[in-house]
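The values are calculated or read from the model by the stated rules, or taken from the named source; none is laboratory data. Computed from a predicted structure; not experimentally measured. Positions of Cβ are backbone-derived with ideal geometry, glycine not excepted, and every protein chain shown enters the neighbour counts. Keep in mind that these areas ignore ligands, DNA and RNA; they rest on the heavy atoms of the full protein, side chains included. Shrake-Rupley method; radii C 1.70, N 1.55, O 1.52, S 1.80 Å.
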There are 2 protein chains.
Amino acid sequence: MSIKANDPSRQSWLNVPEDSDFPIQNIPFGVFLTRDDVITIGTRIGDTAIDLGAMHQLGYFRDIPLTDDIFLQDSLNDFISDGKKTWRLVRNRIAEVFDKNNPELQEHEAHRKTVLFDMDEIEMQLPVQIGDYTDFYSSKEHATNVGSMFRDPDNALLPNWLHIPVGYHGRSSTIVPSGTPVRRPNGQTLPKDSTQPVFGPSKRVDFELEMAFITTDANKMGEPIPVAEAEDYIFGLVLFNDWSARDIQKWEYVPLGPFLAKNFASSISPWIVTLDALEPFRTESPAQDPEPLPYLRQTGKNSFDISLEVDLIPEGGAPATICKSNFKYMYWTMAQQLAHHTVNGCKVNSGDMMGSGTISGPTPDSYGSMLELSWAGSKPLSLPGGATRVFLEDGDTVVMRGHCKSEGLRIGFGEVRTKLLPAPASN
Amino acid sequence: MSIKANDPSRQSWLNVPEDSDFPIQNIPFGVFLTRDDVITIGTRIGDTAIDLGAMHQLGYFRDIPLTDDIFLQDSLNDFISDGKKTWRLVRNRIAEVFDKNNPELQEHEAHRKTVLFDMDEIEMQLPVQIGDYTDFYSSKEHATNVGSMFRDPDNALLPNWLHIPVGYHGRSSTIVPSGTPVRRPNGQTLPKDSTQPVFGPSKRVDFELEMAFITTDANKMGEPIPVAEAEDYIFGLVLFNDWSARDIQKWEYVPLGPFLAKNFASSISPWIVTLDALEPFRTESPAQDPEPLPYLRQTGKNSFDISLEVDLIPEGGAPATICKSNFKYMYWTMAQQLAHHTVNGCKVNSGDMMGSGTISGPTPDSYGSMLELSWAGSKPLSLPGGATRVFLEDGDTVVMRGHCKSEGLRIGFGEVRTKLLPAPASN
């Protein structure tokens, strides 16, 4: 089935500001609370939110096999379960309805009043109920930087890294949408030159610039997903800030990996941009040497050219862009991650989320965490107005943005914006 | 509120075989499929399964504030959300109804036919929809054994181990109930003296003897649970077999912890035995030296005396008991685990599951994994009939059992029984 929704020449009768992340070629999916306090599934064109539940009730999707309540839900899980063919039919139909040459809804004032909302009238929610969340560690530059700082610059990459898309399980219960503030965590840390840990607020709270993909039901337990089919089970992507407490992490993570240093919060952008919408921005991933084992081998363009940036905004201060990176720097592709994750028969469900790992590029201004930008605190970042940072301070707001652009077409993710609040009193 | 259901002198009008794990003082909770293909929440006395959904519809719980459909569900999550007071009211009422001096249901033949099932007429399901699953690593003997084999016998325990109930996140999607067979996983391993990994079936598939506790909604994100209150948020326990592939684990686990070596399967016993039912079997946990940080300090009896054993049954062979251990050997208590897990504000929901980690005792016959029993393959186990094992072979069945006993009262968990099937063809 062709992805008619991607036609770059199509224009919408809805206003799309210049440089908007959400032209009619995007059609992302999200969940929002309307001005009438109704939860619904929706999409967005320009700065207009579109209630897909209302559109479905009004018959706009009558030619697509969908259950009556598929969009009147508080998560996209069931819609995602319907599979790639249905996602395409729905995106193609939305493109058709909002095409400037289509009068159906455009000229039906009563329907428009029911279906359309200004973005500032609604409240975005988590788009999926996340069953399991996995985080990968797939940027070679990030893994090399961390290995150089924490272990040995001459053997920064561990022996398994070039053979395995290394990943580990994270916590779903504390994944929150853009706009939800996050508290600095308390925890155990080991002071320098001491053998006795102390308890208190983390002194090294950090962001990690990541993206995350969301899956559909992919396999039965015991059955692997071949790498060549893996993308069929990826619904779309979001921006992902994997909050980290480096001092807690350092003390706790050997031998079973990060735990409390990560599970106090992770933040995502609320609109899931489909893999279909990203299709025009396919690009090659970095050459892999040594060649991976056969179950991980791919040819062709298996990554996406997505520009990413991070702004840091001190309390009451001006935004400073402290990192510019790109999703295409990832050494391991999403398909390789999903094939690896299931090669042992691990079951993947609709609404599972898989983080890329910190996306660092080759240059110091492309490093995707304060840990790398300040080189473990040894190189303070200068901010406008004379402030400096090695890690994050209370009141800081971190904003991540991402978009693709080529030949006049821009498809973006909006932002994930999070303010860091002080730690709760610890006793 | 007193736990009337625990009255040791009470007898039931239902038959309870001698040495049953399920006297009227147990009253565990589970989910089952009836002979009429209805999913319901139930309990068990002796070898009789009791349909709590049917009992509720017939008015047996009319004096307890419960929603109409609380037991007509495919998971216990909502009932667990109702909180400890409700759990107690329901257990007390079940004890009352099945007391041999109570004629209500005993003498109502039509109701009995609706409510009661032989255990062999029903099919046990997963008792909860598990949101997040965490595995701890809280047996000092197990951590010491593993550290001795994999790292250094002279520094077997890592520096953090005596200060932190070390834990890591696991995968919920592949937790299955007793009776569900498990496939040997394929994966990457590094052959001895090689630098090139190979792909194929794991050669070191292992069980881990654990128990797991199931939580109720415990906190808001950002708020810790004090150690003194933590047990209020624990609904009950199950037996837990944390299947492991040691060769995959060895190659993948540095630096972010075990991943595919664990997430191909974990198996649980289907009846959740409440913390209330275990109350008579409280015992002290091992002395903790050094004293933990204040947020982890406890006094009194914070563990439970639960005898555990593992049988190995080769295909067509006789069962051999290869391990006898006890839950009381755990160095860190469940309350300490839950207080630690939330000290950074991590949110805990109803139906979350937390594994103890492998429960090894002080003597070689109490080690809770093949890894330890065969000392990494160097000491083969002898089985009846002349067979030997270092790790598990295809067709082997592993059965874990657990029970408490004192002064004529026995409260048990039944079993978690799982057959290991061959790996799928790998290409």
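Remark: relative contact order (chain A) = 20 percent; criterion is Cα-Cα distance under 8 angstrom and separation of 6 or more residues. Kirkwood hydrodynamic radius of the range A:240-303, from the reciprocal of the average inverse Cα-Cα distance over all distinct pairs: 15.5 Å.
Counting protein heavy atoms only, the protein assembly as shown has 47 percent of its accessible area on carbon and sulfur, 1.4 angstrom probe. Seen from B:Val416, the other residues with C-beta closer than 13 Å to its C-beta sum to a net charge of -4, counting Lys and Arg as +1 and Asp and Glu as -1. Peptide B:102-111 has a mean of 0 when you count, residue by residue, the C-beta atoms of other protein chains within 10 Å of its C-beta. Springs join every pair of Cα atoms under 10 Å in this Gaussian network model of chain A, and among A:Ile64, A:Ile175, A:Ile39 the largest mean-square fluctuation is at A:Ile64. Residue by residue, the range A:66-73 carries 3J(HN,Hα) couplings of 9, 5, 4, 9, 4, 9, 9, 9 Hz when phi is fed to the Karplus relation 6.51 cos²θ - 1.76 cosθ + 1.60 (θ = phi - 60°); x denotes Gly or Pro.
Eigenvalues of the Cα gyration tensor times 5, then square-rooted: what semi-axes does that give for chain B, in whole angstrom, largest first?
37, 25, 20
Rg ratio for the range B:276-382: its Cα radius of gyration over 2.2 N^0.38 Å, N being its residue count, equals 1.31. Altogether, the Stokes-Einstein calculation at 20 °C and 1.002 mPa s, with the Kirkwood radius of the range B:277-335 over Cα pairs as Rh, returns a diffusion coefficient of 156 µm²/s.
Computed from Cα atoms, the angle from the helix A:84-97 axis to the main principal axis of chain A rounds to 60 degrees. The A and B chains share an interface that buries close to 5400 Å² of accessible area, total over both sides, probe 1.4 Å. Shielding by partners for peptide B:130-141, expressed as the average number of C-beta atoms from other protein chains within 10 Å of each residue's C-beta, is 3. Among B:Lys347, B:Lys328, B:Lys113, the largest mean-square fluctuation in a Gaussian network model of chain B, built with springs joining Cα atoms closer than 10 Å, belongs to B:Lys113. Residues whose amide H lies under 5 Å from that of A:Gly414, counting only those 5 or more places away or on a different chain, are A:Gly402; hydrogens are built 1.01 Å from N in the peptide plane.
If you take the alpha carbon atoms of the protein assembly as shown and fit the smallest convex hull around them, that volume is 178 Å³ per residue. Residues of the range B:333-350 buried by at least 50 Å² of accessible area upon assembly of all protein chains, compared with the chain on its own (1.4 Å probe): B:Val343, B:Asn344. Placing unit charges on the Cβ atoms of the charged side chains and taking the dipole of the protein assembly as shown about its Cα centre, the candidate lying farthest along the positive direction among B:Thr67, A:Val97, A:Leu275 is A:Leu275.
For the range A:386-427, the relative contact order works out to 41 percent when only alpha carbon pairs closer than 8 Å and six or more residues apart are counted.
With contacts taken as Cα pairs under 8 Å at a separation of at least 6 residues, the range B:4-124 carries a relative contact order of 32 percent. With contributions of -39500 (n - 2.57) from each DSSP H run of at least four residues, the per-residue ellipticity at 222 nm computed over chain A stands at -4000 deg cm²/dmol. Binning at 5 Å from 0, report for the range B:16-80 what percent of all alpha-carbon pair distances ends up in each bin. Calculated P(r), rounded to whole percents: 4, 18, 26, 24, 18, 8, 3, 0.
Among B:385-393, B:217-225, the peptide with the highest mean count of other Cβ atoms within 10 Å heads the list, and the full ranking is B:217-225, B:385-393. Normalised per residue, the accessible area of the range A:4-124 is 46 Å², obtained with a 1.4 Å probe and no contribution from ligands, DNA or RNA. Among the GluC sites (Glu not before Pro) in the range A:103-211, those located in a DSSP loop and surrounded by at most 11 other Cβ atoms within 10 Å of their own Cβ are A:Glu107. Placing +1 on the Cβ of every Lys and Arg and -1 on the Cβ of every Asp and Glu, with no other charges, gives the range B:304-358 a dipole of roughly 260 debye about its Cα centre.
Projecting 7 Å from Cα along the Cα-to-Cβ direction, the label point of A:Val198 sits 5.2 nm from its equivalents in the other copies, listed shortest first. When the charge dipole of the range B:133-421 is built from unit charges on Cβ atoms (+1 for Lys and Arg, -1 for Asp and Glu) and taken about the Cα centre, the candidate among B:His169, B:Val343, B:Gly179 whose Cα reaches farthest toward its positive end is B:Gly179. For the range B:133-421, the number of Lys pairs separated by eight or more positions or lying on different chains, with C-alpha atoms closer than 19 Å, is 18. Given in Å, the Rg to one decimal and the Dmax to the nearest whole number for the Cα atoms of the range B:4-124 are 13.3, 36.
Measuring from each Cβ of chain A to the axis that turns chain A onto chain B, the shortest distance belongs to A:Gly257, 1 (residue, then whole Å).
Inter-chain Cβ neighbour count for B:171-178, averaged per residue, equals 5 (cutoff 10 Å, partner chain atoms only).
So, in Å, what gap is there between the alpha-carbon centers of the range B:247-297 and the range A:139-169? Using only Cα atoms to place each centre, the spacing works out to 28 Å. Angle check, please: helix B:140-150 long axis (alpha carbons) against the longest principal axis of chain B (alpha carbons), in degrees 0 to 90, nearest 10. Value to nearest ten degrees: 30.
Label-point distances for B:Gly408 to the equivalent site in the other copies, using a point 7 angstrom along Cα→C-beta, read 9.1 nm when ranked shortest first. Between copies, B:Thr114 shows label-point distances of 4.2 nm, shortest first, with the point placed 7 angstrom from Cα along Cα to C-beta. Among B:Asn326, B:Asn155, B:Asn263, the residue with the largest mean-square fluctuation in a Gaussian network model of chain B, with springs joining Cα atoms closer than 10 Å, is B:Asn155. The range A:150-241 gives an Rg/Rh value of 1.05, both radii derived from C-alpha positions and Rh following Kirkwood.
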